[in-house]
Amino acid sequence: MSQDRVPPGQKVTTRFPVLHEGTVPSFDPSKWDFIVDGAVNRNLKFTWEEFKSLPAVTIISDFHCVTGWSRFDNRWEGVRFSAVAKMCEPDPKAISVFVSAEGGYTTSLLLKDMLDDDVLLAYRFNGAPLEPGHGGPLRLIVPKKYAYKSAKWVRKVTLMTEHELGYWEVKGYSDSADPWKEERYSR
Ligand SMILES: Nc1nc2c(c(=O)[nH]1)N[C@H]1C(S)=C(S)[C@@H](COP(=O)(O)O)O[C@H]1N2
Ligand SMILES: [Mo]
């Protein structure tokens, strides 16, 4: 296994640990929605059916948890965040995206990082619907950041003109969260 794919301080696993705060939320496709709001020209609200009918892509990427495990070659299917951004028409002053998940988990990313081609709102994993434990029905995947940025059970993204910290970032985990620079903690 080529070492240059393993960020500093990480160990590769072929398992897929389930890791989160709180409990796995239940999913009712008739009540679920996904909201895009904040500093945008168009507020968006998708039902599950509407979200599933958006153009989908498949991206194979590696996944790095800040606790030290990395999982290679994960096959995610879903909608590129950049495609959603096109639809909502961000205000030119928008610089950040605040991500809200069911159950209160939050994270945030700079808009420029969210617009990367490999950033996905994913609903399938390795050829099957994304399991509830791994964030089904819908999770964010941001391969270039530690996985606490890859929020499970995403329900809302809010475009922001100022950057606000999320759940782990407030508690002292790195906001930039680059595994290759081993940015685990903010202090
Ligand atoms: N909603 C929510 N998303 C979350 C978390 C969480 O606690 N709640 N934990 C994050 C962390 S720290 C990791 S490592 C990954 C784990 O994803 P997995 O359970 O699919 O392996 O989910 C991330 N997304
Ligand atoms: Mo993690």
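Every number in this text was worked out from the coordinates using simple rules, so none of it is lab data. Remember, it's a predicted structure, so these values are computed and weren't measured experimentally. Reconstructed Cβ throughout: ideal geometry from the backbone, glycine too, with neighbour counts over all protein chains shown.
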Check whether at least one residue in segment 61-68 is more than 16 Å from the chain's Cα centre (by Cα) and within 16 Å of ligand 2 (Cβ to nearest atom), and report yes or no. yes
Could you tell me whether Ala56 is under 21 Å from Pro137 (Cα atoms) and surrounded by 14 or more Cβ atoms within 10 Å (Cβ to Cβ)? yes
Unmet requirement for Gly22, which otherwise passes all of (1) within 16 Å of ligand 2 (Cβ to nearest atom); (2) touching a strand residue (DSSP E or B) at 6+ places or on another chain (Cβ under 6 Å): (2)
So is Val40 crowded, with 17+ Cβ neighbours inside 10 Å and touching a Cys at 6+ places or on another chain (Cβ under 8 Å) or not? yes
Of the residues in segment 38-86, how many are over 30 Å from Arg5 (Cα atoms) and within 13 Å of ligand 1 (Cβ to nearest atom)? 0
Note on segment 69-107: residues assigned to a loop (DSSP other than H, G, I, E, B), under 20 Å from Glu131 (Cβ atoms) and touching a Gly at 6+ places or on another chain (Cβ under 8 Å) are Gly103, Tyr105
Does segment 123-132 contain any residue that is within 11 Å of the chain's Cα centre (by Cα) and at positive phi? no
So Lys152, is it within 18 Å of Asp33 (Cα to Cα) and near ligand 1 (Cβ under 8 Å from one of its atoms): yes
Going by the conditions given, is Pro55 outside any strand (DSSP E or B) and either within 16 Å of ligand 2 (Cβ to nearest atom) or closer than 19 Å to Asn41 by Cα (or both)? no
Could you check, for segment 121-141, whether at least one of its residues is touching a helix residue (DSSP H, G or I) at 6+ places or on another chain (Cβ under 7 Å) and closer than 18 Å to Asp178 by Cα? no
